[in-house]
């Protein structure tokens with residue numbers, strides 16, 4: 001687990017709220033404090049999506065929540081909504097002349113990505129040892145910090161996945177042109 005202080009707040013928030021940089025991640029939860037507080041749990045409501053999927057089958061614009069999430073299947077396989085689906089709604093909450101007082105977004109790598117990452121970085125770990133790879137984004141008091149996290153489904157002394165996840169997030173931010181300082 002590492003904490004990365006984002007050096008260019010404007011560039012990071014531009015990429016987070018209007019770019020596609022973080023779109024592949026799932027949103028476990030998000031919270032925004034502006035003129036009032038907003039909380040999003042990120043968990044998909046399957047019944048709503050199935051209903052929307054049924055009605056979008058006859059819709060010409062293909063703008064159902066499932067298609068907006070970038071999924072070709074009617075209902076996404078993951079438990080949580082993608083950032084791509086929630087990003088425009090979150091942007092509507094924070095946009096304006098004033099910065100939000102604070103916000104936090106907990107992003108999670110999708111299950112398929114987590115499995116692939118674990119297999120490539122720690123092939124000897126038992127299946128199910130790692131249950132999630134997270135990027136926690138927190139803005140408060142005019143500072144933005146990203147904290148990496150690994151959730152374990154089983155106990156292990158092997159921390160190679162943690163070290164590799166930390167390094168992959170450093171590279172991810174650098175590739176996106178986002179300057180971050182550890183600490």
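The values are calculated or read from the model by the stated rules, or taken from the named source; none is laboratory data. Everything quoted here is computed from the prediction, not taken from an experiment. Note that we place each Cβ from the backbone using ideal geometry, even for glycine, and neighbour counts take in every protein chain shown.
Select, from 29, 51, 11, the only residue that is part of a helix (DSSP H, G or I) and either touching a strand residue (DSSP E or B) at 6+ places or on another chain (Cβ under 7 Å) or modelled with pLDDT of 80 or more (or both). Please lay out each step first, then the result.
Values: 29 fails: part of a helix (DSSP H, G or I); 51 fails: either touching a strand residue (DSSP E or B) at 6+ places or on another chain (Cβ under 7 Å) or modelled with pLDDT of 80 or more (or both).
One residue alone meets the criteria, 11.
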(Q) Filter the stretch 149-173 down to the residues that are out of contact with any strand residue (DSSP E or B) (no Cβ under 6 Å at 6 or more places or on another chain) and under 24 Å from residue 90 (Cα atoms) and list them by number. (A) 172
Q | Residues (within 24 Å of residue 167 (Cα to Cα) and touching a helix residue (DSSP H, G or I) at 6+ places or on another chain (Cβ under 7 Å)) located in the stretch 82-108 | A | 107
Q) Does residue 91 satisfy the criteria of being out of contact with any strand residue (DSSP E or B) (no Cβ under 8 Å at 6 or more places or on another chain), modelled with pLDDT of 60 or more, surrounded by 12 or more Cβ atoms within 10 Å (Cβ to Cβ) and at negative phi? A) yes
Q) Among the residues of the stretch 133-146, is there at least one that is at pLDDT 95 or above, over 18 Å from residue 12 (Cα atoms) and touching a strand residue (DSSP E or B) at 6+ places or on another chain (Cβ under 9 Å)? A) yes
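Just to be sure, is residue 99 in contact with a strand residue (DSSP E or B) (Cβ under 7 Å, 6 or more places away or on another chain), in the same structural domain as residue 141 (by TED's automatic domain parsing) and at pLDDT below 95?
Values: in contact with a strand residue (DSSP E or B) (Cβ under 7 Å, 6 or more places away or on another chain): no; in the same structural domain as residue 141 (by TED's automatic domain parsing): yes; at pLDDT below 95: yes.
Considered against the rule, which asks whether it is in contact with a strand residue (DSSP E or B) (Cβ under 7 Å, 6 or more places away or on another chain), in the same structural domain as residue 141 (by TED's automatic domain parsing) and at pLDDT below 95, residue 99 comes out as no.
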Q) If you take the residues of the stretch 54-84 that are part of a helix (DSSP H, G or I) and either modelled with pLDDT under 95 or in contact with a strand residue (DSSP E or B) (Cβ under 6 Å, 6 or more places away or on another chain) (or both), which of them is surrounded by the most Cβ atoms within 10 Å (Cβ to Cβ)? A) 83
